[in-house]
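Chemist: Let me begin by handing over the structure; questions about it come next.
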């Protein structure tokens, strides 16, 4: 089993190096292969992680049920995005296009490698290192299009995320100090050790470390008020990168917060960590729901939807009921699939209409006979419509929240999610379900008339993959996966 | 416990205060070049503090760390940034959003907050006096002020690197036993971050022909 962990770390890295040297046509195939292999290896870990405590490789790699959930989410999106990118990239002929393609594929594979590494590494220190690597790699990918917007977005992203990680580093060091009171001055920050000793740590120190960690890693996760880089980076990055940022980067940052949550819960009891997450979660959800009502840019709309869903994750953890925690973990998986699919659809629309401005996009369903309806389905999935996975996960979260004495929070959650649903569905119906623009009246509306037909078969395939996953998560959870989620939820629960 | 600080505690506190004062000096430095030099000096103090802790507490791994951090933060980073500055042909730091005097006042305010907030935690460390931890927290907060109120990419990047210096002091105080592999990983990360900061600064300069961030206001809402 431990060789699986090593393989998940090695395969994408090797492929990333190779893709830098081979023509990008070969890279397309290699990346799809690498994504599928890593996803397959992660799925192979599910049965073990669902039944045994942990799998380790050396002292550096370790997975338990919690990490496998996030590993599966990020490698699934790696595979799906690899398929999508094969259809999305339009490279100019000649040296410039070739150079862009090589950089893009090397960067994409490295980025996915770093995100797979986050749940695999053992210990808070290596966790911080892995997340810092995801930041710098993704900042380069945001800048790769070399437009004014991309440069601005990547600078803001790099600076704000680095500051957040500076705070998170302080959190790591303070948590290390908390550990020295039990383990002596020299020890490694491995999870097993920290979780075993956590109940004897000094509470004030752990409290400080937890708040700093939520603030620091919350910057990468897109929690209010440190989310400001997120809409810019998501809208200016190449669309495959946007999908990865939204579906897996935010999720692995949430994973980091959960690791601190696990320790803080053992030291401080459940109330304090839950309240911190509740505060950030409500604020993020409120902000996102309101911003969703006033977007013109298709990718910014999806970006604010990510802030919304990260808020839901934080609120779901604050309920602290096992059923809500299972819902949160399922939500991570379903959000990765749904947001990925929505961005793939958005990529198809953007290629077709050559604009992100939703005022100029009309009749999407007529122009894109396959990806148009599937984009609508993905947006409905994001708004928690059955039969998709997010319906099930939000249902679990809300029903957990209603069993909590503070059930007003669950009610507030439902209201804010409804506002967000309104914003998302309003713009989607406007752009996708409207009649085809008539070329003769074009000057009045600004809508762009386009020929009917798909951009690429690869995009359609990637969206089918995402929707199938969403339906599986929503209709019938495979029993192994369900056991995995239960086990991960119990790992997150306080042993007391 | 004696109220007269030992020589050891005195040296450590002095070093930490020097790091904080350098941060203030960066805040008021009008030339980008002097900011980079101040950063190099600050990193030198941090490396020296690491050697000092290594020698007095007999933690041999810290010597390696001090050497690596000297090479990276005193030699490599300033050289890279100064080279970028020569290419960019820009001398003056972006004018701060508020006046210099207000900026210093804000910085004094936040550093006092950081100092007393962390001081009230009563963290006890065997490696260094805990007042050094409070001073390190103050340094981190002043670095935030520098980044938020300055409007050019070099000041902001240097602000981030100096924030890392503040965290390094904190880690010397409370986490001097951190395994070497982890410390080296941290430094390696910083190296990668420096390279990426450099790349994006270069891209920014290439597009706008300036180091100022005043034009970075297109993306909103």
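Read-outs: derived from the displayed coordinates by stated rules, not from any lab. Predicted, not measured: the structure shown is a model, and the values here were computed from it. Cβ atoms come from the backbone with ideal geometry, glycine included; neighbour counts cover every protein chain shown.
Chemist: Just order A:288-300, A:370-382 by mean Cβ neighbour count inside 10 Å, highest at the front, would you?
Modeler: Put in order of decreasing packing, that is A:370-382, A:288-300.
Chemist: Now a separate question. Residues in the stretch A:452-496, backbone N under 18 Å from the label point at residue A:53 (7 Å along the Cα-to-beta-carbon vector): list them, ranges by number please.
Modeler: Of the residues in the stretch A:452-496, A:487-496 have backbone N under 18 Å from the label point off residue A:53.
Chemist: At 222 nm, what helix-only mean residue ellipticity would the protein assembly as shown give, in deg cm²/dmol to the nearest 500, using -39500 (n - 2.57) for each DSSP H run of four or more?
Modeler: Working: 29 runs with 543 residues, N = 717.
Roughly -26000 deg cm²/dmol at 222 nm, from the helical runs in the protein assembly as shown.
Chemist: Between residue A:399 and residue A:199, take the C-beta separation as r, use R0 = 35 Å, and let me know the FRET efficiency to the nearest 0.05. Don't skip to the end; give the middle numbers.
Modeler: Numbers: r = 30 Å, r/R0 = 0.87.
According to the calculation, E is roughly 0.70.
Chemist: Arranged by the count of other C-beta atoms within 10 angstrom, fewest first, what order do A:406, B:33 take?
Modeler: On the way: A:406 13, B:33 17.
With the fewest neighbours first, A:406, B:33 line up as A:406, B:33.
Chemist: Arranged from highest to lowest average of other beta-carbon atoms within 10 Å per residue, in what order do the peptides A:52-62, A:323-333 appear?
Modeler: On the way: A:52-62: 16.3, A:323-333: 25.9.
In descending order of packing, they fall as A:323-333, A:52-62.
Chemist: Here's a follow-up. If you rank B:6, A:242, A:425 by fewest surrounding Cβ atoms within 10 Å, what's the result?
Modeler: Values: B:6 10, A:242 28, A:425 18.
The most exposed by this proxy come first: B:6, A:425, A:242.
Chemist: Within 10 Å, count the other beta carbons around each residue, average over each peptide in A:360-366, B:67-73, A:173-179, and list them highest first. Can you show the working numbers first?
Modeler: Details: A:360-366: 21.4, B:67-73: 18.6, A:173-179: 26.4.
Most protected by this proxy first, the peptides run A:173-179, A:360-366, B:67-73.
Chemist: Any chance you could check the Cα centroid distance between the stretch A:236-250 and the stretch A:216-235 for me, in angstrom?
Modeler: If you average the Cα positions of each part, the centres end up 12 Å apart.
Chemist: Please provide three numbers in whole Å: the alpha-carbon extents of the stretch A:126-269 along the principal axes, with the largest listed first.
Modeler: Computed over the stretch A:126-269, the largest-to-smallest principal extents equal 52, 26, 21 Å.
Chemist: State whether the stretch B:8-208 is rounded, prolate or oblate according to the following rule on the C-alpha gyration tensor (a ≥ b ≥ c being the square roots of its eigenvalues): a/c under 1.5 gives rounded; otherwise a/b larger than b/c gives prolate, and the remaining case gives oblate.
Modeler: Values: a/c = 2.26, a/b = 1.34, b/c = 1.68.
It is oblate, given that a/c is not under 1.5 and a/b is not larger than b/c.
Chemist: Next question. Could you grab the relative contact order for chain A? Cα pairs under 8 Å, six or more apart, rounded to a whole percent.
Modeler: Values: 898 pairs, mean separation 89.1, N = 496.
RCO, chain A: 18 percent.
Chemist: Which length gain, in nm to one decimal place, applies between residue A:147 and residue A:476 when the Cα-Cα distance is subtracted from 0.36 nm times their residue separation? Can you show the working numbers first?
Modeler: Values: separation 329, 0.36 × 329 = 118.44 nm, distance 4.42 nm.
Extending this stretch completely gives an extra 114.0 nm.
Chemist: Let me confirm one metric for peptide A:226-238, namely the mean number of other chain beta-carbon atoms within 10 Å of its residues' beta-carbons.
Modeler: Working: counts 0, 0, 1, 1, 0, 3, 5, 1, 0, 1, 2, 0, 0.
Across A:226-238, the average partner-chain Cβ count within 10 Å equals 1.
Chemist: Taking every pair of alpha-carbon atoms in the stretch A:5-58, what share in percent sits in each 5 Å bin, from 0 to the bin with the longest distance?
Modeler: Result, from short to long distances: 4, 18, 24, 19, 14, 9, 7, 4, 1 percent.
Chemist: Å³ per residue of the Cα convex hull, for the stretch A:183-234? Walk me through the numbers before you get to the answer.
Modeler: Details: hull volume 5.8 nm³, N = 52.
Convex hull volume per residue, Cα atoms: 111 Å³.
Chemist: Post the alpha-carbon centroid distance, the stretch B:160-207 to the stretch A:465-496, in whole angstrom.
Modeler: Using only Cα atoms, the two centres lie 37 Å from each other.
Chemist: Given the convex hull over the Cα atoms of the stretch A:272-496, what projected area results after averaging over all orientations, in nm²? Can you show the working numbers first?
Modeler: Values: hull surface 49.7 nm².
Over all viewing directions, the stretch A:272-496 projects a mean Cα-hull area of 12.4 nm².
Chemist: What is the distance in Å between the Cα centroid of the stretch A:31-103 and that of the stretch A:147-187?
Modeler: 24 Å
Chemist: Could you pull out which residues in the stretch A:335-357 have an amide N less than 13 Å from a spot 7 Å beyond the Cα of residue A:434, following the Cα-Cβ vector?
Modeler: From the stretch A:335-357, the list is A:357.
Chemist: Follow-up question, since we're still on this one. From the Cα gyration tensor of the stretch A:1-120, with a ≥ b ≥ c the square roots of its eigenvalues, which class applies: rounded if a/c is under 1.5, or else prolate if a/b is larger than b/c, or else oblate? Provide the component values of the computation, followed by the final result.
Modeler: Numbers: a/c = 3.16, a/b = 2.36, b/c = 1.34.
Because a/c hits 1.5 or more and a/b exceeds b/c, the stretch A:1-120 counts as prolate.
Chemist: Which value in Å is the Kirkwood Rh of the protein assembly as shown over different Cα pairs? If you can, show how the numbers build up before the last one.
Modeler: On the way: mean 1/r = 0.0385 Å⁻¹.
Computed over the protein assembly as shown, the radius equals 26.0 Å.
Chemist: Arrange A:310, A:432, B:103 by Cβ neighbour counts within 10 Å, fewest through most, would you? Don't skip to the answer; put the middle values down first.
Modeler: Working: A:310 29, A:432 23, B:103 19.
Sorted ascending by nearby Cβ count, the order is B:103, A:432, A:310.
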